[in-house]
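Values quoted throughout were computed directly from the atomic coordinates according to the rules given, and no laboratory measurement underlies them. Predicted model, so just to flag it, every value in this text is computed and none were measured. Every residue, glycine as well, gets a Cβ built from its backbone with ideal geometry; the counts of neighbours run over all protein chains shown.
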Amino acid sequence: MQTACNINEMKRQHGLRTVAPMLTNPGISVAQLVYFVSAAEHGSMTAAAEELYVAQSAVSTSVAQLEKRVGTTLFLRHRSKGLELTADGRELLVRARRILSELRDAVDAVNPDALRGHLETACFTTLAPFYLPQIWARLAEEYPGMRTNAVELTCPDALEALKERRIDIALVYDVTTDPAVTFEPLQERPAYVGLSVDHPLAGRSEISLREMAGEPLILLNLPGSREYFLHAFTSHGVTPTVACEFQSFETVRGMVAAGHGYTVLNQVPHHDYTYSGLPIAAVPVAEQVRPLNVSLAYRAGEGLTAKARAFAGVCRAVIRDADPRGPDLQS
């Protein structure tokens, strides 16, 4: 009796088309992919089993069968460190997430309850407090069956999460680009100089970055954002004097309000006060600095799932219905 591989070899020798057993009968179950993805994300068979409410042995056996079927090792097992994906494992993880996402979308397409269940999203960390409360309120009102989870990420990390299929859609700034990601602009946010209200220039209608070059700059140091702010200076031949850097939007504002320096930002809160209770003045930048767009980001060349479309619609309503100028800058 000849196996499919024997037949394939004979057909190769005779220049005939080969059969594809992995395509016609892959022998891989949805459960195996689900167990594999969960184990990869948790770095542990035990944690995956707890999440999926199955025995740990079921996850281990399923992953072992999957490795046997694909013919390669997907995990390195470390007694103390848990599971570590191999290069093949990382490749399969991206594809498995896509398969599971498309399977869910296929079911959603014929399911009257498609707008129920989980949606994984991300939001740029400085945008989250401005928009997520309103977005969540509308989601709860319009789609009560949806359970949306949002992780706060930097813009580059959000793009990576999209490409790795850990999330379906994100709310970010367009501080960086990626050909694998589509950006849908929702609202433009111009750059401004943030100053203590006691600063001599706080009452100006606009401020040149050149005027501020010798003063201490309190820089928002987040991946993508840091490069954007520094480029605002260097693109006009200005070298700023960076005094200190923080990853927290409110820490930057608090330091500025206390008179330790100035900053350049884009998002303006609806009041002037910082956590410390001190106010901050926001004055437009005189130079032409590329504004940032609050944007939806999703995978290029793919349609959004029903739940992602619902989330996008709510984001558009919340952000585009808001004052496009945001709170007034100091004038």
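May I ask you to list the aspartates and glutamates whose Cα is less than 15 Å away from that of LYS81, ignoring any residue fewer than eight positions away on the same chain?
The qualifying aspartates and glutamates are GLU41.
Name the chymotrypsin sites (Phe, Trp or Tyr not before Pro) in the stretch 226-331 that are in a loop by DSSP and that have at most 13 other C-beta atoms within 10 Å, would you?
For chymotrypsin sites (Phe, Trp or Tyr not before Pro) across the stretch 226-331 that sit outside H, G, I, E and B with at most 13 neighbouring Cβ atoms in 10 Å, the list reads TYR275.
With N set to the number of residues, divide the alpha-carbon radius of gyration of the stretch 191-290 by 2.2 N^0.38 Å and report two decimals.
0.96
When only alpha-carbon atoms are used, what values of Rg and Dmax, in angstrom, describe the stretch 135-174?
For the stretch 135-174, the Cα radius of gyration and maximum Cα-Cα distance read 11.8, 31 Å.
Set the Förster radius R0 to 51 Å, insert the Cβ-Cβ distance between GLU302 and ASP198 as r into 1/(1 + (r/R0)^6), and round the FRET efficiency to 0.05.
After rounding to 0.05, the efficiency reads 0.50.
Out of the DSSP beta bridges found with both residues in the chain, what percent are antiparallel (nearest 5)?
Here the share of antiparallel DSSP bridges comes out near 60 percent.
Roughly how many whole Å is it from the C-alpha centroid of the stretch 180-195 to that of the stretch 231-272?
Distance between centres, Cα-based: 16 Å.
What does the extension gain come out to for HIS78 and ALA55, with contour length at 0.36 nm per residue minus their alpha carbon separation?
On the way: separation 23, 0.36 × 23 = 8.28 nm, distance 2.00 nm.
Full-extension gain reported as 6.3 nm.
Scan the stretch 130-178 for chymotrypsin sites (Phe, Trp or Tyr not before Pro) in coil per DSSP, keeping those whose Cβ has at most 13 other Cβ atoms within 10 Å, and list them by number.
none
Angle between the Cα long axis of helix 4-13 and the longest principal axis of the chain, 0 to 90 degrees, nearest 10?
90
Only Cα pairs under 8 Å and at least 6 apart count here; give the relative contact order of the stretch 45-143 as a rounded whole percent.
12
How would you classify the stretch 70-170 from its alpha-carbon gyration tensor, with a ≥ b ≥ c the square roots of the eigenvalues: rounded for a/c under 1.5, else prolate if a/b is greater than b/c, otherwise oblate?
Here the stretch 70-170 falls in the oblate category.
Please report the relative contact order for the chain, taking Cα pairs under 8 Å with a sequence separation of at least 6, and give it as a percent rounded to a whole number.
RCO, the chain: 18 percent.
Subtract the Cα-Cα distance of ASP272 and ASP88 from 0.36 nm times their separation in residues, and report this length gain in nm to one decimal.
Here the segment from ASP272 to ASP88 would lengthen by 61.1 nm.
Just subtract the alpha-carbon distance of GLU102 and THR177 from 0.36 nm times their residue separation and send over the number in nm, one decimal.
Between GLU102 and THR177, full extension yields 24.5 nm more.
To the nearest 20 debye, what charge dipole does the chain have about its Cα centre, counting +1 at the Cβ of each Lys and Arg and -1 at the Cβ of each Asp and Glu? Walk me through the intermediate numbers first.
Numbers: 31 positive and 37 negative charges, 274 e Å.
Taking the Cα centre of the chain as origin, the dipole is about 1320 debye.
Can you show me the helix-derived [θ] at 222 nm for the chain, built from DSSP H runs with n ≥ 4 at -39,500 (n - 2.57) apiece and divided by the number of residues, rounded to the nearest 500. Mind dumping the intermediate values first?
Working: 12 runs with 135 residues, N = 331.
Only helices count here, giving -12500 deg cm²/dmol.
With no solvent and one point on each alpha carbon, what is the Debye value of log10 I(q)/I(0) for the chain at q = 0.06, 0.08, 0.10, 0.12 Å⁻¹?
Debye output, listed in q order: -0.32, -0.53, -0.74, -0.94.
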